[in-house]
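Structure first, commentary second.
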Amino acid sequence: QVRVVESGGDLVQPGGSLNLSCTASGIVFSMYHMGWYRQAPGKQRELVATITNRGSIDYADSVKGRFTISRDNAKKTVYLQMNSLKPEDTALYYCNNLSVKPWDWGQGTQVTVSS
């Protein structure tokens, strides 16, 4: 059974930075295209960054130039470096594979951007 664990969220001031991690167990991680998602209170979950199994990367317009996604297949981990954080980045952040059969969602990691 696949288990996904996200970490690294925190309370940070506007303009600050955080580095999120997501580790998956129970799968051949390197095969999967991966994505970081976020869900703010009262809003739908949105996809903010993707990285393919070959390392091709894409971002939502709202985070382009501020967030950087990367992966370490040996550690079965995908990262999200977030810089120049804004209050509107406040959300619960999750990762998952990008296939039509996502894994069971982890608990996510909370990012709160506030002064």
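The values are calculated or read from the model by the stated rules, or taken from the named source; none is laboratory data. Note that the structure is a prediction, hence the values are computed from the model and not measured. As a convention, Cβ positions derive from the backbone with ideal geometry for all residues, glycine included, and neighbour counts pool all protein chains shown. Ligands, DNA and RNA are excluded from the accessible area calculation, which covers all protein heavy atoms including side chains. Shrake-Rupley method; radii C 1.70, N 1.55, O 1.52, S 1.80 Å.
Results, tabulated for the structure shown:
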item	result
Residues of region 80-94 classified as more than 17 Å from K43 (Cα to Cα) and buried (at least 20 other Cβ atoms within 10 Å of the Cβ), total	3
Strands (runs of 3 or more DSSP E) (entirely within region 1-102) containing at least 2 residues that are touching a Phe, Trp or Tyr at 6+ places or on another chain (Cβ under 7 Å)	3-7, 18-25, 34-39, 46-51, 67-72, 77-82, 91-97
Residue selected from region 24-68 under the condition within 10 Å of the chain's Cα centre (by Cα) and within 25 Å of Q1 (Cβ to Cβ), by the criterion surrounded by the most Cβ atoms within 10 Å (Cβ to Cβ)	W36
Residue check, S21 farther than 16 Å from S99 by Cα and open to solvent by less than 70 Å² (accessible area, probe 1.4 Å)	yes
Residues of region 69-92 that turn out to be within 24 Å of R3 (Cβ to Cβ) and over 12 Å from the mean Cα position of the chain (by Cα), as a count	5
